[in-house]
Amino acid sequence: FKMCPGRVLCKVPCSGEKEVDLAVQSAKAAFKIWSQMSGMERCRVMLEAARIIREQREEIATMETINNGKSIFEARVDIDISWQCLEYYAGLAGSLAGEHIQLPGGSFGYTRREPLGVCVGIGAWNYPFQIACWKSGPALACGNAMVFKPSPFTPISVVRLAEIFTEAGVPKGLFNVVQGGAATGQFLCQHPDVAKISFTGSVPTGMKIMEMAAKGIKPVTLELGGKSPLIIFSDADLENAVKGALMANFLTQGEVCCNGTRVFVERKVLDTFTKEVVKCTQKIKIGDPLLEDTRMGALINRSHLNRVQGFIKQAKEQGAEVLCGGDLYVPDDPKLKNGYYMRPCVLGNCKDDMTCVKEEIFGPVMAILPFDTEEEVVERANATKFGLAGGVFTRDIQKAHRVVAALKAGMCFINNYNVSPVELPFGGYKCSGFGRENGRAAIEYYSQLKTVCVEMGDVESVF
């Protein structure tokens, strides 16, 4: 592969009902083998997969940059998080266990933690390889098989993950990849041999998946959109807060579901903070994502770029002020002229009822809003249908814990933002979905508990 902005890299055939069924049946056969292996046996295979990813970090990161358009600097971080995820769940695989419960008269009960079967993973285009590892790591550790469908906009890197799992020694078909859009996803969700669905993407698509899953009583994990608040108090380390705001808005060209795009700034420091954040935003290096000094690459495609531009146009019409960026960017390199680049945008004079403040833009657009009191900003921060993330910058640690406790969001940050250690559960409240990825919590969503009651005496009958 090489960088070809605005041009077709390759064509991938969509999987129809027949191909989906073949993938599920293949995974079902592999599940019979994998689920009977001990946790330690699964651990060794997963550690080998993690080792391969770690050794091929540069090659996979380059593939991901071409696949998605994000900077190579960020793609390397994604790949590191990916192998760390597999290592983490490999470590848990051997420790999965039920419990023994003593009952009266020498009788006892015990629980078994058992796999679900064939799990479906449906990924998003912003973190294609990482999301596939986040879903497959706990699924495989628990003894499940997985059929994964990446976004049709980023079909490439997940295929490499499937190859790596095979090289590492998983049974043939344990991790299958199918390609396609909504129709392929529908075939997966409605397949009778699928036991669980895990989806990362938009709220409308998440609703449809939940409806389809309901007809088969299939459990779902939904990691959906967000319009997360980032709260900057006047007593914060402002230099650190500015860095946090950039991290909360401009990673992966702003195409991150948990981004803190509503930046609430205490009025006392509004002007100072705004001036500094604009200055730093204007310094962000845009261009060829394969160059080491590039910090912002291209958006995913033309239609998405146009959508983000439409939000900025509407924001101006509703009274917001573009403090910097928001316009298209044309790199000097002629081979990049057809790329989907734009300058990162900071909006001032924003109000809570503006579309740019209420709706998820999913692009490099930050909205700054002033506030006066803690009580006021918490109420405004929670006044959204979303609840994926939230952040607080303050030197007052009591206030920090008090505010995050009051935020209706599943992932909260204090004096940092968009940090995603695999040890910590990740997921949202409200319309941002439910279920958790990462951490020990994910084990609950990829396994089921069986209770066994053992009677050591005669049956006490009421008949």
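The values are calculated or read from the model by the stated rules, or taken from the named source; none is laboratory data. Note that this is a predicted model, so its numbers are computed, not measured. Virtual Cβ from ideal backbone geometry, glycine too; neighbours counted across all protein chains shown. We work out accessible area using only protein heavy atoms, side chains counted, and drop any ligands, DNA or RNA first. Shrake-Rupley method; radii C 1.70, N 1.55, O 1.52, S 1.80 Å.
Key figures
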{"item": "Neighbours by Cβ (under 6 Å, 6+ apart or cross-chain): first from region 276-288, closer than 16 Å to VAL322 by Cβ; second open to solvent by less than 10 Å² (accessible area, probe 1.4 Å) and part of a helix (DSSP H, G or I)", "result": "VAL277/VAL242; VAL277/ALA245"}
{"item": "Residue list for region 213-248, filter: of a type outside the set (Ser, Thr, Tyr), free of Cβ contacts under 8 Å to residues at least 60 places away in the same chain and open to solvent by 10 Å² or more (accessible area, probe 1.4 Å)", "result": "ALA214, LYS215, GLY216, ILE217, LYS218, LEU238, GLU239, LYS243, LEU246"}
{"item": "Lone qualifier among VAL220, VAL242 - being under 24 Å from the mean Cα position of the chain (by Cα), of a type in the set (A, V, I, L, M), at pLDDT 95 or above and in the same structural domain as ASP78 (by the TED database)", "result": "VAL220"}
{"item": "Count of region 167-204 residues which are open to solvent by 10 Å² or more (accessible area, probe 1.4 Å) and over 28 Å from GLU444 (Cβ atoms)", "result": "6"}
{"item": "Residue among GLY363, GLY410, GLY391 that alone is surrounded by 22 or more Cβ atoms within 10 Å (Cβ to Cβ), over 27 Å from ALA298 (Cβ atoms), under 22 Å from the mean Cα position of the chain (by Cα) and not hydrophobic (A, V, I, L, M, F, W, C)", "result": "GLY410"}
{"item": "Hey, ALA298 in contact with a Lys or Arg (Cβ under 9 Å, 6 or more places away or on another chain), open to solvent by less than 40 Å² (accessible area, probe 1.4 Å), in a loop (DSSP other than H, G, I, E, B) and closer than 19 Å to PRO128 by Cα or not", "result": "yes"}
{"item": "Strands (runs of 3 or more DSSP E) fully within region 89-153 counting 2 or more residues that are open to solvent by 20 Å² or more (accessible area, probe 1.4 Å)", "result": "100-102, 108-115"}
{"item": "Some residue of region 413-424 being among the aliphatic types (A, V, I, L, M), free of Cβ contacts under 8 Å to residues at least 24 places away in the same chain, farther than 21 Å from GLU276 by Cβ and in contact with a Phe, Trp or Tyr (Cβ under 7 Å, 6 or more places away or on another chain)", "result": "yes"}
{"item": "Members of region 267-295 found to be open to solvent by 20 Å² or more (accessible area, probe 1.4 Å), in contact with a Pro (Cβ under 8 Å, 6 or more places away or on another chain) and outside any loop (DSSP other than H, G, I, E, B), listed by number", "result": "ARG267, LEU270"}
{"item": "Residues within region 313-347 that are open to solvent by 10 Å² or more (accessible area, probe 1.4 Å) and either among the β-branched types (Val, Ile, Thr) or assigned to a helix (DSSP H, G or I) (or both), tallied", "result": "8"}
{"item": "Leading residue by the ranking (farthest from SER202 (Cα to Cα)) among those in region 433-463 that are open to solvent by 100 Å² or more (accessible area, probe 1.4 Å) and in contact with a Leu (Cβ under 8 Å, 6 or more places away or on another chain)", "result": "CYS453"}
{"item": "Condition check for GLU266: free of Cβ contacts under 8 Å to residues at least 12 places away in the same chain and at negative phi", "result": "no"}
